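Reviewing the structure listed below.
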Amino acid sequence: MSERRFDPFTGRSIVLAPGRRGLGAAKPGGLPEPAGRCPFCPGHEADTEETLARWPEDGGWRVRVVRNKYPLASLPGGDHEIGIDDAAHGTDLDDLSPDHALALWRLYRDRVAALSARHPEVLFFRNRGRRAGSSQPHPHSQIVAIDWEPADLATRRALARAHERERGAPLHATELERERASERVLWDDEALLTHCPFAPTRPYEVRFVPTAPRGRFADATDAELRALSRRVGDAIRRLKAVGVRDYNLVLRQVDAWWHLELLPRTGGDAGFELSTGDMIVVVPPEDAARALRQS
Ligand SMILES: [Zn+2]
């Protein structure tokens with residue numbers, strides 16, 4: 001039996017259809033295998049654009065931010081940076097030491113802050129695996145600045161403002177309270193709630209939500225980033241244990257509130273999704289949270 005749920009953040013419906021589980025997509029996942037030498041490996045620094053930031057500041061680098069050689073938004077008013085998450089070629093965010101992971105999130109927060117000072121919209125995301133649209137296997141993140149407001153963000157902002165006007169409380173605070181009391185919680189840290197959302201768009205979707213009432217990612221505190229760096233690694237490790245390899249990690253910045261979404265990519269969008277814009281999700285988030293807690 002399927003169930004339709006309403007996502008108050010996007011105004012979209014999602015259809016939970018556990019009966020369709022196992023009707024997997026045939027498209028192979030896994031890491032891409034581009035020809036030629038890896039431009040992100042140490043020793044190949046000349047293959048990338050200039051270094052904008054790095055950690056540590058002296059000696060061999062472990063994390064490095066460079067301007068993208070092939071900008072996604074090479075438009076006037078746009079900018080595109082690549083964060084090389086690790087000097088090592090074969091790692092992922094769940095392999096990093098706590099110091100390394102925290103340094104990485106501080107560096108990316110600072111780059112988002114730097115670009116936010118000059119651009120109206122700054123996006124942060126990470127594509128891992130072919131199904132997630134990745135073209136490089138070396139672990140990396142992307143920070144993209146654009147000079148227009150995407151329709152999806154405009155809708156999210158309008159819904160959040162309408163909720164606050166009508167209910168007298170921020171939408172994110174209302175939802176944080178509901179999620180915190182649910183069976184979908186993975187980890188409840190003081191600064192961050194990690195959970196499977198009520199209305200996911202992907203199976204095993206995980207969301208990382210700061211518990212502070214207000215804040216922009218550009219101003220994220222060390223306490224938030226410490227919890228984030230730990231829980232992102234934990235969640236990716238658990239996803240791998242249930243068989244998810246390909247995923248996107250996406251920052252949502254809606255007015256004075258941010259959160260991150262970890263979106264497993266287990267199949268392609270098909271006709272239903274293209275016809276409606278609404279997603280069919282074959283793993284209910286309550287089942288996903290239980291499986292991830294036990295994995
Ligand atoms: Zn490499």
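Using a 1.4 Å probe, what is the accessible area per residue for segment 45-146, in Å²? Can you show the working numbers first?
Working: 4290 Å² over 102 residues.
Normalised by residue count, the accessible surface of segment 45-146 is 42 Å².
Output wanted: per-residue J couplings in Hz (rounded whole) for segment 129-139, from phi through Karplus 6.51 cos²θ - 1.76 cosθ + 1.60, θ = phi - 60°, x for Gly and Pro.
My calculation for segment 129-139 gives x, 4, 5, 8, x, 7, 10, 10, x, 4, x Hz in order.
Dipole magnitude of the chain about its Cα centre, charges +1 at Lys/Arg Cβ and -1 at Asp/Glu Cβ only, in debye to the nearest 20?
Dipole about the Cα centre, nearest 20: 680 debye.
What is the set of long-range amide H partners of residue 62 at a cut-off below 5 Å, with H atoms built 1.01 Å from backbone N?
Amide H neighbours of residue 62, under 5 Å, 5+ apart: 55.
With N denoting the number of residues in segment 171-234, provide Rg(C-alpha) divided by 2.2 N^0.38 Å, to two decimal places.
Rg over 2.2 N^0.38 Å, computed on Cα atoms: 1.07.
Give me the net charge for the shell around residue 250: Cβ to Cβ below 15 angstrom, other residues only, Lys and Arg +1, Asp and Glu -1.
Around residue 250, the surrounding residues sum to +2.
Taking only the alpha-carbon atoms of segment 190-295, what semi-axes of the equivalent ellipsoid follow from 5 times the gyration tensor eigenvalues under a square root, in whole Å, largest first?
Square roots of five times the eigenvalues give 24, 18, 11 Å.
Would you please classify the overall shape of segment 123-237 from the alpha carbon gyration tensor, given that a ≥ b ≥ c denote the square roots of the eigenvalues, rounded means a/c under 1.5, and beyond that prolate means a/b larger than b/c while oblate covers the rest?
Verdict is oblate for segment 123-237.
Based on alpha-carbon positions alone, could you give the equivalent ellipsoid semi-axes of segment 25-131 from the gyration tensor, as √(5λ), descending, whole Å?
22, 20, 15
Please work out the FRET efficiency for the pair residue 97 and residue 46, using the Cβ-Cβ distance as r and a Förster radius of 25 Å; give the result to the nearest 0.05. Please report the intermediate quantities before stating the final value.
Numbers: r = 28 Å, r/R0 = 1.11.
It comes to 0.35.
Quote the relative contact order of the chain in percent (integer), defining contacts as alpha-carbon pairs under 8 Å separated by 6+ residues.
Value for the chain: 23 percent.
Largest first, what is the accessible-area ranking of 48, 194, 201, 221 with a 1.4 Å probe?
The residues order as 221, 201, 48, 194, largest area first.
Counting other Cβ atoms within 10 Å, which GluC sites (Glu not before Pro) in segment 54-132 have at most 14 and lie in a DSSP loop?
Qualifying residues, ordered by number: 57.
Nearest 500 deg cm²/dmol is fine: what mean residue ellipticity at 222 nm does the chain get from its DSSP H runs of n ≥ 4 alone, each adding -39,500 (n - 2.57), divided by its residue count?
So the helix-based figure for the chain works out to -9000 deg cm²/dmol.
Take 266, 10 and sort them by solvent-accessible surface of the protein heavy atoms, 1.4 Å probe, largest at the top. The partial results should precede the final answer.
On the way: 266 60, 10 20 Å².
If we order 266, 10 from most to least accessible, we get 266, 10.
How much FRET efficiency would the formula 1/(1 + (r/R0)^6) give for residue 118 and residue 3, where r is the Cβ-Cβ distance and R0 is 41 Å, rounded to 0.05?
0.40
Go from 0 up to the bin containing the longest alpha carbon distance in the chain, width 5 Å each, and give me the % of pairs per bin.
Computed distribution, short to long bins: 1, 5, 11, 16, 18, 18, 15, 10, 5, 2, 0, 0.
Give me the extension gain from residue 72 to residue 256: residue separation times 0.36 nm, minus the current Cα-Cα distance, reported in nm with one decimal. Please report the intermediate quantities before stating the final value.
Details: separation 184, 0.36 × 184 = 66.24 nm, distance 2.60 nm.
Once the chain is fully extended between residue 72 and residue 256, it gains 63.6 nm.
The values are calculated or read from the model by the stated rules, or taken from the named source; none is laboratory data. Quantities reported herein were computed from a predicted structural model and do not represent experimental measurements. Cβ sites come from the backbone with ideal geometry, for glycine too, and all protein chains shown count toward neighbours. These area figures cover heavy atoms from the full protein model, side chains too; ligands, DNA and RNA do not enter into them. Shrake-Rupley method; radii C 1.70, N 1.55, O 1.52, S 1.80 Å.
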